[in-house]
1. Listed residues A84, A80, A119; which is more than 22 Å from G150 (Cα to Cα) and open to solvent by 20 Å² or more (accessible area, probe 1.4 Å)?
2. Hey, can you tell me all the residues within the stretch 85-99 that are part of a loop (DSSP other than H, G, I, E, B) and not small (G, A, S)?
3. Give the residue that is nearest to the chain's Cα centre (by Cα), with candidates limited to residues of the stretch 91-109 that are more than 29 Å from L136 (Cβ to Cβ) and hydrophobic (A, V, I, L, M, F, W, C).
4. Mind checking whether some residue in the stretch 136-147 is at positive phi, small (G, A, S), in contact (Cβ under 8 Å) with a residue 24 or more places away in the chain and surrounded by 12 or more Cβ atoms within 10 Å (Cβ to Cβ)?
5. Which residue out of A109, A38 is surrounded by 15 or more Cβ atoms within 10 Å (Cβ to Cβ) and hydrophobic (A, V, I, L, M, F, W, C)?
Amino acid sequence: MADRLLLRGGTVLTVDPDLGDLPSGDVLIEGDTIVGVAPRIDDDGSVVLFGGRAKDRPYPGSTMVSTVNGGVTGLVHSLAVELAPVRCNAVHPGIVGDSPYWSAKGEPALEPVRNRTPARRLVTMEDVVGAVVFLLENRSVNGVNLHVDGGWLLL
């Protein structure tokens, strides 16, 4: 039995080798994948999904990613009920400044975002990992869509 399952971008990642090779597919059908493997997750286990902030602050050309991010929010709520007592949560990071994608854009692109963020800093990959560990390990957190963005949408 496994106690943790992590899904990211259509890929099943696991911290428990007993899960073996699991099916994965398009993020729009991940709920079926999760439900399918749920019997192999311990009752005190946890599922963490990844979304993003494009659902809250769409931009030109983001229709698909904004829609998927919004779907993750609903998926977390329904799976938290359907998979109970297995917990289901999601992390929705803001701009992760030290990710390969954003760090390649350079300071001229990052500085305005940093200045618009109440924390006056960008999210780091370490921040995202810390959020995932928190959601995996805290047994009283369930059905939560955790925004890790330094308060970016507040301003």
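1. Values: A80 fails: open to solvent by 20 Å² or more (accessible area, probe 1.4 Å); A119 fails: more than 22 Å from G150 (Cα to Cα).
When all the criteria are applied, what remains is A84.
2. Going residue by residue through the stretch 85-99, those that are part of a loop (DSSP other than H, G, I, E, B) are 85-86, 94-95, 97-99.
Residues satisfying the conditions are P85, V86, I95, D98.
3. Initially, the stretch 91-109 is screened for residues more than 29 Å from L136 (Cβ to Cβ), giving 104-109.
Restricting the remaining residues to those that are hydrophobic (A, V, I, L, M, F, W, C) gives 104, 109.
Working: A104: 22, A109: 24 Å.
Here the answer is A104.
4. Narrowing the stretch 136-147 to residues at positive phi: 143.
Those still in the list that are small (G, A, S) too: 143.
Next cut, in contact (Cβ under 8 Å) with a residue 24 or more places away in the chain only: 143.
Now restrict to residues that are surrounded by 12 or more Cβ atoms within 10 Å (Cβ to Cβ): 143.
Yes; the residues of the stretch 136-147 include at least one that is at positive phi, small (G, A, S), in contact (Cβ under 8 Å) with a residue 24 or more places away in the chain and surrounded by 12 or more Cβ atoms within 10 Å (Cβ to Cβ).
5. Working: A109 fails: surrounded by 15 or more Cβ atoms within 10 Å (Cβ to Cβ).
It is A38.
The values are calculated or read from the model by the stated rules, or taken from the named source; none is laboratory data. Here the structure is a predicted model, which means the values were calculated and not measured. All Cβ positions, glycine included, derive from the backbone under ideal geometry; neighbour counts span all protein chains shown. Ligands, DNA and RNA are stripped out before the accessible areas are found, and what is left, the full protein with its side chains, is counted by its heavy atoms. Shrake-Rupley method; radii C 1.70, N 1.55, O 1.52, S 1.80 Å.
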